[in-house]
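Participant: A single structure is presented below for examination.
Values in this text are rule-based calculations from the coordinates and carry no lab data. If you're wondering where the values come from, they're calculated on a predicted model, not measured in any experiment. In this analysis, Cβ positions are derived from the backbone assuming ideal geometry, glycine residues included, and neighbour counts consider all displayed protein chains.
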Amino acid sequence: MLLRPKGSDPAPADSTEPVPEPTDAETPAIPVVESLPSDVERIVQEHTDPGETTQVALHSDITPEGSYGDQWLIATDQRLLIVNPDGTTDGAQDTSDSGVLELPLDQISLLETHEFHGLGMLEIGTDAGETQEVQFSRSLVDKFAEARAVLEEAVKNVKPDGKLAEDEDEPRHRPVPKPRCAECGRVLPPGADRCPACIKKGQLLVRVVQYVKPYWHLSLISFLLSIGLTLLELAPPYLFKTLIDRSLVPVVPPGGTFPTMAARYGVLWELVAILVVIYIVRAVMTGGRTLSLGWLSNRIMFDVRTEVFEHLQRLSLGFYDKRTMGSIMSRVNNDTGVINGFVANTMPDFLLTVLRLFLIGVILFRMNFTLAALVLLPSVPMWWMARWFRSSIRPIWRKYWQQQSRISTVLASSISGVRVVKGFAQEQRENRRFRSRMHDFLRINMRTVRIRMIYFPAVALVSAIGSIIIWVVGAPQVLKGILSLGELTLFTNYMWQFYAPIGMLAEIDNTIQQTATAAERVFEMLDTEPEVRDQSDAVELPRIVGHIKFENVSFRYETQEPGEYVLEDINLDAQPGQLIGLVGHSGSGKSTLVNLLQRFYDVTGGAITIDGLDIRDVKLKSLRQQTGIVLQESFLFSGTIAENIAYGRPDASREEIMAAAKAANAHRFIVRFTDGYDTEVGERGVRLSGGEKQRISIARAILNNPRLMILDEATSAVDTETEQLIQEALDRVMKDRTVFAIAHRLSTLRNASMLIVLDKGRIAEVGTHDELVTREDGIYRKLVEIQTDLSNNVVLTE
Amino acid sequence: MTPETRVAPKPNQLELLDPEAVRLVKAKPGWLSLTLEGDELEPLLVKPVRTFPLTDPEHYISLLDEEENEVGVVADPRTLESKSRRVLRSLLERTYFLPIVEKIHKITEDFGVYRWEVGTNKGDRTFEVRGRDDVRFVANGHVLVRDIDGNRYHILSLNSLDAESRLLLDLLL
């Protein structure tokens, strides 16, 4: 029953491999002593002597039978116990009673963790050659790895000879960082860097509001206009009330006289005049508010987006490595939009709504307390209903979009794969597939219909309660003379104004949450400082002569664990005018090496010097202006060919542009275009072949007249004929410059002054082509042989 | 007329022709015959092309031979001897037809097809443009318009138009 992965046979017991330290100073220790339930505690006490100290007490969630259940791995400084409270421990020879297995530590000869498909296992081998296994789910992988290390220490302590079999190549386990919040332990939502529950919303919103500050006078104007408008909106119903009570059905105070017809007309015309003025003022103010808020909102959008974009330009490549292009774009586009929407729309709307509700409340309550209380009461159930509606419709909307995109997927695959569909006569199957998707879509749509079917009539019904209350309670009061007719109509009108914004209020917390999350993402980015930047005393790099030196350079990406390197012990010395070829399997660190040379990243250890100057001590701009790079996938911006060639030197003359194109073997095809150098390329322009694009990007590099040239697989993606043209161009470029070239096709590098073969981040071989190709068992030789076989190209072996 | 017997430019360097030495005379439509003073070889048939037809049409005229190899570049035709200059200019005028729009009278839309009525340096013209992709900015402010038949119209820049025309155009860009 022994499950043993390949290569995990216990090593001979006399292995002298030193045992690594159990914990790295930089990785936080994982606790491996957990509190035990009482029954397990009792079993442990039965099996141990009082003086023993517990080293490990770990719960495993998988039983030896392989189902979910409880099992405990306990180790003291003397012995190891595997407690299985619900059953018998597997391989029960050593058990004194059911469910417990005891092993003295000094009999242990092997401790190893394995990862299988969906579960992990700790293998414990004894001197007698027996093996015990403890299985655990993936959730516990880190804990058991740590436990193994602790156990190993404990075993070494009791085994005086310190012998413990050790699998030489077993990689040290590194805990995989879990996407959990450091503060509250919640799992982070997809795409989030910080826990939405722990975000200090208040602080964030305060920072968001800072964007209004430069335009405070403008926002003050909009705010005053908004308040004015709110008051004006409340005015017409009040005027109508006055019209009824003083003109149409005059209320006669006790002891007063009924007003004359002339007086009643007088009031009417007076009110009409006021109403006309109000409507005119309102129109003007609405225009003013639209203008000031629109200006404010767009200014803020402008400020936030440009700030974010300009900051993005400053950030180092390391920032981009950790994120997808989509997530960065979404920050610039969507998140800034959310922030802007909050500042310019949600916040003012919210303040005004609160103000309006307050004013209506005050007016109504002062007029008739009981009626006001009764009429405004339905707003409470309405609020709850709105919340119910939002929370039930939101997941359905999400599902709706998901279904929508699944339909697009089916469409796209059956349309773009139409030849395959027809070729295999599977039209009916595609029809079924599409029908089934459309059916899902129909169902989800009907679910929203059903929710709307309940919600909207229900809201109408509840608000009708308000009207009915006015009739039932208010109308009798009019008859009794407690309430005037005008007041009754005022109640009706204000009631609707009061009910209307309740849906918006029910949504406000959600809006704030969204804004805070978006703001968090944006500010996180704005707060990131570029990792690679000029030091305060950075000097201009003088014109590069071309003496480039790597001294003990090592490098690891920030996301990697300490101790793991992409490049290690890199030493090389390039002389001016030399062509240094970098060769190696993919992933061996070639591109990283040239990235370091351009200082896209800073080295982790060692130093890179150009003409004796450490590249960390020079100004970035002066370094990069003197380096030119040609990549495998040449990137052209939308613009004309001339603009693309002059990208690094926008002030270049037309003659210089043409000379560069000529040197890059590009001039010939460019002049054949109707628009010549003014031909538009990029997304909407003419389609260029890979080789043509490549030659334009070489021209771009040539025009920059770099002193240090980097070719990263510059000729890999083109056909052989084009490669020759490009190679020719490159040969010209390489003259009197130091060049670092990475090439997959080794023929490109046959003239290299020095070839550096990288293997797993280290320099494996150094020499010229002729030297390396004769080296028995050399990596380079093998690569050459493979390529010669493939292309039957004898150039390489000469 | 094999190229190797001709002016043999250095293969990958920009060859600016000495304007004093260039002699151009008319040949078949679209072609001129080139002789270089001091060069005893027989005349060479060349096709002049503009290298920057939009941004700098009057400079850097590339002369291509029948195999489309570049014989050389005339940096500034104005420095040529007067007869050659006239011959070259008239040929370029004939082979490059790209009217410059000076005034937009009217743009009307009908089902996504735009009907332009414009005044150009070559006279008034009415044409139809399909969709917005056929009106676009190129080379820093130049606007190229392509009609449904593939004719092109050049607008030097938004500022080259009067306010009225600019307003009409602005909505399409």
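Participant: Can you tally the net charge around B:Phe111? Count Lys and Arg as +1, Asp and Glu as -1, for every other residue whose Cβ sits under 14 Å from the Cβ of B:Phe111.
Facilitator: Numbers: positive: B:Arg115, B:Arg130, B:Arg132; negative: B:Glu109, B:Asp110, B:Glu128.
Result for the local shell: 0.
Participant: Follow-up question, since we're still on this one. How would you rank A:Asp731, B:Asp39, going from fewest to most other Cβ atoms within 10 Å of each one's own Cβ?
Facilitator: Numbers: A:Asp731 11, B:Asp39 14.
Exposure proxy ranking, most exposed first: A:Asp731, B:Asp39.
Participant: Check the straight Cα-Cα distances from A:Lys399 and name the aspartates and glutamates below 19 Å, setting aside those fewer than 8 residues away within the same chain.
Facilitator: Straight-distance partners of A:Lys399: A:Asp440.
Participant: Ok, one more. Tell me which of A:Leu749, A:Val56, A:Gly294 sits at the most positive position along the dipole axis of chain A, charges placed on C-beta atoms (Lys, Arg +1; Asp, Glu -1).
Facilitator: Positive-most Cα among the choices belongs to A:Gly294.
Participant: Return A:Lys399, A:Lys621 ranked ascending by Cβ neighbour count within 10 Å, so the fewest neighbours appear first. Please list the in-between numbers first.
Facilitator: Numbers: A:Lys399 16, A:Lys621 12.
Exposure proxy ranking, most exposed first: A:Lys621, A:Lys399.
Participant: Still on this structure: Read phi for every residue in region A:117-128 and hand back ³J(HN,Hα) as whole Hz from Karplus 6.51 cos²θ - 1.76 cosθ + 1.60, θ = phi - 60°, with x for Gly and Pro.
Facilitator: Whole-Hz 3J(HN,Hα) from phi for region A:117-128: 8, x, 8, x, 8, 9, 9, 10, x, 10, 4, 6.
Participant: Continuing with this model, one more query. Residue by residue through B:53-60, how many Cβ atoms from other chains fall within 10 Å of the Cβ on average?
Facilitator: 5
Participant: How well do other chains shield peptide A:395-401, expressed as the mean number of their Cβ atoms within 10 Å of each residue Cβ?
Facilitator: Values: counts 0, 0, 0, 0, 0, 0, 0.
That works out to 0 on average.
Participant: Treating cross-link reach as a plain straight distance, find the aspartates and glutamates whose alpha-carbon is under 18 Å from the alpha-carbon of A:Lys422, omitting any fewer than eight places away in the same chain.
Facilitator: A:Glu430
Participant: Find the centroid of the Cα atoms in region A:437-465 and in region A:699-756, then give the distance between the two in whole Å.
Facilitator: Taking the Cα centre of region A:699-756 as reference, the centre of region A:437-465 is 65 Å away.
Participant: Using DSSP, restrict attention to beta bridges with both residues in chain A and report what percent are antiparallel, rounded to the nearest 5.
Facilitator: Percent antiparallel among DSSP bridges in chain A is about 70.
Participant: Using the alpha-carbon centroid of each, what span in Å lies between region A:66-85 and region B:28-98?
Facilitator: 91
Participant: Hey, can you grab everything whose amide H is under 5 Å from the amide H of A:Glu765? Only 5+ residues off in sequence or another chain; H modelled, so Pro and N-termini drop out.
Facilitator: A:Val757
Participant: Straight-line reach from A:Lys241: which lysines have a Cα under 23 Å away, not including same-chain ones fewer than 8 places off?
Facilitator: Once the sequence-local lysines are set aside, what remains near A:Lys241 is A:Lys480.
Participant: Calculate the spin-label point distance for A:Ser35 paired with A:Ser392, positioning each point 7 Å from the Cα along the beta-carbon direction, and give it in nanometres.
Facilitator: If labels sit at A:Ser392 and A:Ser35, their model points lie 4.3 nm apart.
Participant: A follow-up question, please. Could you pull out every residue, at least 5 positions away or on a different chain, whose amide H is within less than 5 Å of the one on A:Gly606? Hs are placed 1.01 Å off N in the peptide plane, and Pro or chain starts have none.
Facilitator: A:Ser554
Participant: Along its three principal axes, how long is region A:540-638 when you only count alpha carbons? Whole Å, largest extent first please.
Facilitator: So the extents along the principal axes, rounded to whole Å, are 38, 37, 24.
Participant: I need the shape label for region B:82-167. Rule: rounded when a/c is under 1.5, else prolate if a/b > b/c, else oblate, with a, b, c from the alpha carbon gyration tensor. Write out the running numbers ahead of the final one.
Facilitator: Working: a/c = 2.15, a/b = 1.84, b/c = 1.17.
It is prolate, given that a/c is not under 1.5 and a/b is the larger ratio.
Participant: Output ³J(HN,Hα) for region A:588-602: one whole-Hz value per residue in order, computed from phi by the Karplus curve 6.51 cos²θ - 1.76 cosθ + 1.60 with θ = phi - 60°, and x for Gly and Pro.
Facilitator: With the stated coefficients, region A:588-602 comes to 7, x, 5, 5, 4, 4, 6, 4, 5, 5, 7, 6, 6, 9, 8 Hz.
Participant: With Kirkwood's inverse mean 1/r over C-alpha pairs for Rh, give me the Rg to Rh ratio of region B:1-150, two decimals please. Mind showing how you got there, number by number?
Facilitator: Working: Rg = 19.4 Å, Rh = 17.7 Å.
Dividing the radius of gyration by the Kirkwood radius yields 1.10.
Participant: Can I ask one more? Using Cβ contacts closer than 10 Å as the measure, can you line up A:Glu270, A:Glu680 from fewest to most? It would help to have the intermediate numbers written out before the result.
Facilitator: Details: A:Glu270 15, A:Glu680 22.
Lowest count first: A:Glu270, A:Glu680.
Participant: Quick check on the protein assembly as shown: take the gyration tensor over C-alpha atoms, sort the square-rooted eigenvalues as a ≥ b ≥ c, and tell me if it's rounded (a/c under 1.5), prolate or oblate. Walk me through the numbers before you get to the answer.
Facilitator: Details: a/c = 2.50, a/b = 1.07, b/c = 2.34.
Verdict is oblate for the protein assembly as shown.
Participant: When a/c is below 1.5 the answer is rounded, else prolate if a/b is larger than b/c, else oblate, so apply that to region A:619-743 with a ≥ b ≥ c taken from the square roots of the Cα gyration tensor eigenvalues. List each step's numbers first, then the result.
Facilitator: Working: a/c = 1.59, a/b = 1.19, b/c = 1.34.
The shape class here is oblate.
Participant: Measure off 7 Å from each Cα along the Cα-to-Cβ vector at B:Thr120 and B:Leu171, then give the distance between these two points in nanometres to one decimal.
Facilitator: Roughly 2.4 nm, to one decimal.
Participant: Between A:Arg79 and residues 5 or more places away or on another chain, which pairs have amide H atoms under 5 Å apart, with H built 1.01 Å from N, and which residues are they?
Facilitator: Here the answer is A:Leu105, since their amide H atoms fall under 5 Å of that of A:Arg79.
Participant: Moving to a separate point now. Enumerate the calculated ³J(HN,Hα) couplings along region A:498-505 in order (Karplus 6.51 cos²θ - 1.76 cosθ + 1.60, θ = phi - 60°), each rounded to whole Hz, writing x wherever the residue is Gly or Pro.
Facilitator: So the Karplus estimates, Gly and Pro as x, are 6, 6, 3, x, 5, x, 5, 5 Hz.
Participant: Then there is this: Please figure out what share of the DSSP beta bridges in region B:7-91 is antiparallel and state it in percent, rounded to the nearest 5.
Facilitator: Details: 16 of 17 bridges.
The answer is about 95 percent antiparallel.
Participant: Mind checking the angle between helix A:720-734 and chain A's longest principal axis? C-alpha axes, 0 to 90 degrees, to the nearest 10.
Facilitator: Taking the Cα atoms of chain A, the angle to A:720-734 is about 80 degrees.
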